[in-house]
Amino acid sequence: MFKRLLAASILTIITTGASVAASDTFKQYKTLSEAQGRKDRVALLKTASELLQSNTLSPEQRTYVLHRSALHLVRENQFEHAQQRLAQLELHLKDFPDVNLQGKYHWVSGDLALLLGNTQSAEFHFSEAVALFKQTNDMRMLSHAHRLLANVLSEKGDYFQAVSHVFQAKDTALKTENVHLFYAALSTEARIYRDFKQFDKALDVLNQKLQFQEQQPKVNLAHLSSTYFSLADIYQSLSDHDAALSALQKSYELDSQLNDKNYMGVSQLHIAQQYLQLSNVPAATEAVDRALALFKEVNNRHNIGQAEATQGQIKLASNQFEEAVELLQTALEKINTSNNPQLYSRYQSLLGQALSHIRPHAAINLLKPLLESTDEQFRIRILRSLSRAHKQLGELELALSYQEQAFNYKEQLTEKDITTRLEAKKFNSELGLKNIEVNALQAGLEEQQQDTKTRTVILASAIIVLTNFLLLFYLYHLKRRRVMEKEAELLNQSLNLKQQLLADVSHELRTPLTVLKLNIEALEYNLTEDPKSTYQVLQRRLDMLNTLIADIYELAQADTNNLRLEFETLQASALFDELIIAIGPIIESPDLEISYLNQLPESLQVECDMSRLNQVFNNLARNSIHYTDRPGKIKISVFQQHQTVVCTFEDSAPGVSSHALSKLFDRLYRCDKSRSRDLGGSGLGLSICEKVIELHHGAIEAKHSELGGVLIRFTLPIKNT
């Protein structure tokens, strides 16, 4: 019988050869996709296409390939293909939901939306990603999602929410001890400080990050480039264009080493802007031409539009108004007004400025509607352009009116800028007494008013500090109280478990001892007709007691960490074949159909105690034999899943209820107590199996079997070679 079983197993392995080959291709693809350092994305995308065209992938494998290939398409700047692949992934996840992969779908979609300049879509996708990664407790991806959402919110001007998300990104990165994630969050924090007019603090954060990155033994070029780019952004806000230009040149050099053409083009585009601020038109022209060529290589329509608009701005600075109008009109056709309203308004204001020199009527028709709808930072340019257009038409009164409006609005912006800086200082309690320096900006105020405002700021800072102290004090005591309550709850739970165990053990011992006592009395008073059979009953009961005591002893050793295992490294496939051979005499039965399938590759190794695993196999095999109605089926399978070896014991009817299924590993628990005692079970076999598997750093669980009975599934980690 057992020889027939082995022959059938070999035949099954041969017939699954094709599936194993496809599985090997997927494993290789996954390994290369997750490898550290630079990847051959072109080769990976080719392999992904081949895998997706085949019918050998499981739903989980197809989900993985769709997600990874979409990410690689974004990194390779194949944006249209990336959108198509993401649409495929979205449809696939509806049929085969996976919360973590749904979060990654939204994360990649948000990243793509950012590259395409669609901030509204990016905010939606990153918000969804945050919620989903919280469900799966994927801390690394959660930090990524918080940081990128903070970026988007900062662009919208929602600074308080942006700060909240960037702090959560930092906290999550620290929990995972991921330094690169933590410093990526610092870059976002610096950007938010810049947007909130706290330039000194933004520079401090970025310089600390830069110093740390340059001291690392292995410098991440992409992260270092991002830091220099962020520094340039701050220097530009401070109007230090030479320093900004130097930082952008370093960022471009790093992007060139990575051959990231999209980011190379973005750096060159910003370099052109700095040269334009320094009135170096030839250098600006050369930089924007390089940027345009790079954007055309990666076919990024949005960035091509920005490059053409910058060319138009250069022509405008050179008083070549016709060329400026033509370039700006071409650029506006490539900018999506619904996704990028601020950028679109900026280029419209530049177009109106160019038209005001040569076509005043067209300039007025374009710019007047923009006065109410455009962003405030472009309003001064619009007012001045309208003034120039009316002056060109000889309408001097209107020209003077718009000029006065531009002057007054500039003063309002100056006052608003000062107010924003003051508010930023107040909201940041760490700066405290530095608010005194802000009062120096209030030139012209009387000495008494300045002193009063200083005292107000100091008092407000003191109140904030005191409030924070009281809040921390309250939270400390609240946390301490919760810890004490939790400890008391665990102690009570331990006492209850101990009392329950003692009660169960005493009950289990009382029953066989009572039987022994009755049979001994029967022998003593000659009340039995067959003494030999009575002695056999006594022998069986003594064996049951020995089994129960031995099992209790093993569990006690495990509970006190005294159950020692002798680990050795073994070839996984051969190990399980030997374990099956060892339980051959137990499972061989004429009225039971036994099947065994070993799908493990020959290269896998596991570190284990073979004698203890043999004990697990014996317990599981006896359970399946004892609790399966005849005729019946028992199916044993072994296969690889990710970085683990999975073994399943599956039997046919009768099954157990869902309530009983969750208690099978509880000590002394039996679904059918009388039947279990008749079969000699102690009720501790599955508990011992659970302890042995845990000591092997694996996991064991019980489920309903498709055959109608119970499925026991345990895993062992693969040893890395």
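The values are calculated or read from the model by the stated rules, or taken from the named source; none is laboratory data. Fair warning: this is a prediction, and the values are worked out from it, not measured in the lab. No Cβ is skipped: glycine too gets one built from the backbone with ideal geometry, and neighbour counts run over all protein chains shown.
Structure values in brief
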item	result
From Lys201, Lys134, residue being part of a helix (DSSP H, G or I), touching a Phe, Trp or Tyr at 6+ places or on another chain (Cβ under 6 Å) and either surrounded by fewer than 18 Cβ atoms within 10 Å (Cβ to Cβ) or not hydrophobic (A, V, I, L, M, F, W, C) (or both)	Lys201
Count of the stretch 204-224 residues which are touching a residue at least 40 places away in the same chain (Cβ under 8 Å) and either exposed (fewer than 14 other Cβ atoms within 10 Å of the Cβ) or assigned to a helix (DSSP H, G or I) (or both)	1
Identity of the residue in the stretch 338-351, outside any helix (DSSP H, G or I) and over 16 Å from Glu308 (Cβ atoms), that ends up modelled with the highest pLDDT	Ser338
Given (1) closer than 30 Å to Leu413 by Cβ; (2) touching a residue at least 12 places away in the same chain (Cβ under 8 Å); (3) surrounded by fewer than 18 Cβ atoms within 10 Å (Cβ to Cβ), index of the condition Phe229 fails	(3)
Test: His696 is within 34 Å of the chain's Cα centre (by Cα) and modelled with pLDDT of 90 or more	no
Candidates Thr172, Thr188, filtered to the one that is over 30 Å from Leu413 (Cα atoms), touching a Ser or Thr at 6+ places or on another chain (Cβ under 8 Å) and either modelled with pLDDT under 80 or of a type outside the set (Gly, Ala, Ser) (or both)	Thr172
Residues (free of Cβ contacts under 8 Å to residues at least 12 places away in the same chain and within 16 Å of Ala284 (Cβ to Cβ)) located in the stretch 320-351	Gln320, Glu323
Filter result for the condition that a residue is within 15 Å of Val99 (Cβ to Cβ), crowded, with 24+ Cβ neighbours inside 10 Å and touching a helix residue (DSSP H, G or I) at 6+ places or on another chain (Cβ under 7 Å), over Ala162, Ala129	Ala129
